[in-house]
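Student: The structure is given below, and queries will be raised subsequently.
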Amino acid sequence: MFRIPLLVALALAITFGLGTFSAVWALKATIGFGSIALGPWNAFPTAQTSRADPYAKAHRARDGALLFGSAEGLVFRAANDSAGQPLSGGCSYDIVGLTPQARFWTLHATTPDGRPVPVARDITGGLNSWTVLRRPDNSIAVHVAADAQPGNWLAVPPGQPFRLVLTLLDTPTAGSSGVIDLSMPAINRTGCANA
Amino acid sequence: MRSILFATLIGLLGAAALHILIILAVPYFTGNDAYTRISDLGEPLRFYPLPNETVAGGGLINDDPEMRLAVCALSVAENPVRLYAPPGVPFWSVGLFDSAANEVFSMNDRTAVAGALDVVVATAVQLNAIRKALPQALSQSILVEMPDEDGYVVLRTFVPTATMDEAARAFLANAACEAIDQGTLE
């Protein structure tokens, strides 16, 4: 005699459980469709527009981040190195190569949830195209490590996972689909402290 | 057995519908979107420079140590709003967004007249009045039509070296985001 109520309860449990869980998971897992992936780097050139897909709109409303307008710049983020391994403060990395055309760029590290990384106050938290040391062919080589390095050094917190953020300011790539032809610098792991 | 399968199928269909409903409804109910967070900073129609360090309470911060930025919540319901900042930094960019965080307009110092930020944000009706009157004070301004009444502005500047920090802070402190008096339009 409880057959029908049980079946209704089963259907409702699946509806609300799976529906809610999948929506929350989708909002946490992705910023939306329409990303550009260049090696380990990802950018969302239309995430701030009214053409953004519903997932992107839901994500930006939940995140509350201040996005870059298309004439302002384009933000590339990397969570993995070029070999696909997650970035970790227990390892050191070299960011090597050329950046896409832009008037300026900045590079800094964040925690996985996008907060500034906890590094010592007297260490500068980022690098930019004005102060970075270049090689003779105009390419860059940035050492990312928890300990001080010669040359270009980007400090990250020891032993904690982090993300890399490369912001291109006033770049012709932001508004166009031509971004696919561009090359971003590679992120090569050079060693780990306890491996 | 068949009825259990049927119930599961109905449940899955319902889950798909609920998933879509939640994704579409989230932007209206988060209370954590950029416009709400900027409105929470204080009075509208003034630029608030954002701190670079994490603040208690999860307020808005500037997460790029090489940039400085200021935000301003605005409404053109009553009067047009003028954004103004004199030149003096190596790079600035401004983004105008509506209250749902859709980009309305963006530009940087390269496209500005003499490197100064001078933008008038208005509704279509207000823009018509401005174009008709063509006041001297706004002759150099870039006129932008706001499809919505409410929105926010993000003003960014680039700080390549620590010595330029002072200039960047002064640039943001001097930036104006203010309603235009109807008197100046006549």
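Student: Helix B:124-133 versus the longest principal axis of chain B: what is the Cα-based angle in degrees, 0 to 90, to the nearest 10?
Tutor: Once rounded, the angle reads 10 degrees.
Student: Just to check I understand the Karplus step: with θ = phi - 60° and J = 6.51 cos²θ - 1.76 cosθ + 1.60, what whole-Hz values come out for the range A:35-51, glycine and proline as x?
Tutor: So the Karplus estimates, Gly and Pro as x, are 7, 10, 10, 10, x, x, 8, 10, 9, 10, x, 10, 5, 9, 9, 6, 7 Hz.
Student: Next question. How large is the Kirkwood hydrodynamic radius of the range B:68-182, in angstrom, based on all distinct alpha carbon pairs? Display every interim value, and only then the final one.
Tutor: On the way: mean 1/r = 0.0692 Å⁻¹.
About 14.5 Å, per the Kirkwood formula over Cα pairs.
Student: When chain B is modelled as a GNM with alpha-carbon springs shorter than 10 Å, which of B:Leu18, B:Leu45, B:Leu127 fluctuates the most?
Tutor: B:Leu18
Student: So how tilted is helix B:2-29 from the main axis of chain B? Cα-based, degrees 0 to 90, rounded to 10.
Tutor: Helix B:2-29 and the main axis of chain B meet at about 10 degrees.
Student: Which value does Rg/Rh take for the range A:34-192 over its C-alpha atoms, Rh per Kirkwood? Could the numbers behind the result be given before it?
Tutor: On the way: Rg = 15.5 Å, Rh = 16.2 Å.
Rounded to two decimals, Rg/Rh equals 0.95.
Student: How much accessible area does B:Thr111 have with a 1.4 Å probe, in Å² rounded to the nearest 10?
Tutor: Per-residue accessible area (B:Thr111): approximately 90 Å².
Student: Given the options A:Gly125, A:Gly64, A:Gly17, state which has the largest fluctuation in a GNM of chain A using a 10 Å cut-off (strictly under) for Cα springs.
Tutor: Evaluated over chain A, the most mobile residue of the options is A:Gly17.
Student: Have a look at A:Ile140, A:Thr49, B:Phe6 and report the one farthest towards the positive end of the charge dipole of the protein assembly as shown, computed about the Cα centre with Cβ charges (Lys/Arg +1, Asp/Glu -1).
Tutor: Checking the options against the dipole of the protein assembly as shown, the answer is B:Phe6.
Student: Each residue of the range B:72-79 in order: what ³J(HN,Hα) in whole Hz does its phi give by Karplus 6.51 cos²θ - 1.76 cosθ + 1.60, θ = phi - 60°, with x for Gly and Pro?
Tutor: 9, 8, 9, 9, 9, 4, 9, 10
Student: With point charges of +1 on the Cβ of Lys and Arg and -1 on the Cβ of Asp and Glu, referenced to the Cα centre of the range B:47-114, which listed residue (B:Ser93, B:Ala112, B:Pro51) lies farthest in the positive direction of the dipole?
Tutor: B:Ala112
Student: Using the Cα centre of chain A as the reference point, and only Cβ charges (+1 on K/R, -1 on D/E), how large is the resulting charge dipole? Debye, rounded to the nearest 20. If you can, show how the numbers build up before the last one.
Tutor: Details: 14 positive and 11 negative charges, 103 e Å.
That gives chain A a dipole magnitude of about 500 debye.
Student: Using 7 Å Cα-to-Cβ label points, what is the B:Arg169/B:Arg46 separation (nm, one decimal)?
Tutor: 1.8
Student: For chain A, set up a GNM with springs between Cα atoms under 10 Å and report which of A:Ala65, A:Ala37, A:Ala148 has the largest fluctuation.
Tutor: The residue with the greatest mean-square fluctuation here is A:Ala65.
Student: Give me the three principal axis extents of the range A:89-140 from the C-alpha atoms, as integers in angstrom, largest value leading.
Tutor: Extents along the principal axes: 33, 24, 23 Å.
Student: Ok, one more. Using the Karplus curve 6.51 cos²θ - 1.76 cosθ + 1.60 with θ = phi - 60°, what ³J(HN,Hα) values do you get for each residue of the range A:125-137, in whole Hz, with x for Gly and Pro?
Tutor: So the J values, rounded to whole Hz, are x, x, 10, 8, 5, 7, 9, 5, 8, 10, 8, x, 8.
Student: Given a 1.4 Å probe and heavy atoms of the protein chains only, how would you sort A:Arg163, B:Arg131, A:Arg62, largest accessible area at the top?
Tutor: In descending accessible area the options line up as B:Arg131, A:Arg62, A:Arg163.
Student: Which log10 I(q)/I(0) values, to two decimals, does the protein assembly as shown give at q = 0.08 Å⁻¹ under the Debye formula with one point per Cα?
Tutor: -0.49
Student: Working from Cα positions, state the angle (0 to 90°, nearest 10) between the long axis of helix A:54-63 and the longest principal axis of chain A.
Tutor: Approximately 70 degrees, to the nearest ten.
Student: Continuing with the same structure: Quote the charge dipole size of the protein assembly as shown about the Cα centre in Debye, to the nearest 20; the model charges only the Cβ of Lys and Arg (+1) and of Asp and Glu (-1).
Tutor: Details: 24 positive and 32 negative charges, 220 e Å.
For the protein assembly as shown, the charge dipole is close to 1060 debye.
Student: Please list A:Met184, B:Met146 from largest to smallest accessible area, probe radius 1.4 Å, with all protein chains kept in place.
Tutor: Numbers: A:Met184 30, B:Met146 5 Å².
The ranking, largest first, comes out as A:Met184, B:Met146.
Student: Keeping all protein chains in place and using 1.4 angstrom, which order do A:Lys57, A:Lys28 fall into by accessible surface area, from largest down?
Tutor: Values: A:Lys57 60, A:Lys28 145 Å².
So the residues, ranked largest to smallest area, are A:Lys28, A:Lys57.
The values are calculated or read from the model by the stated rules, or taken from the named source; none is laboratory data. None of these values were measured; they are calculated from a predicted model. In this analysis, Cβ positions are derived from the backbone assuming ideal geometry, glycine residues included, and neighbour counts consider all displayed protein chains. What goes into the accessible areas is simple: the full protein's heavy atoms, side chains included, and nothing from ligands, DNA or RNA. Shrake-Rupley method; radii C 1.70, N 1.55, O 1.52, S 1.80 Å.
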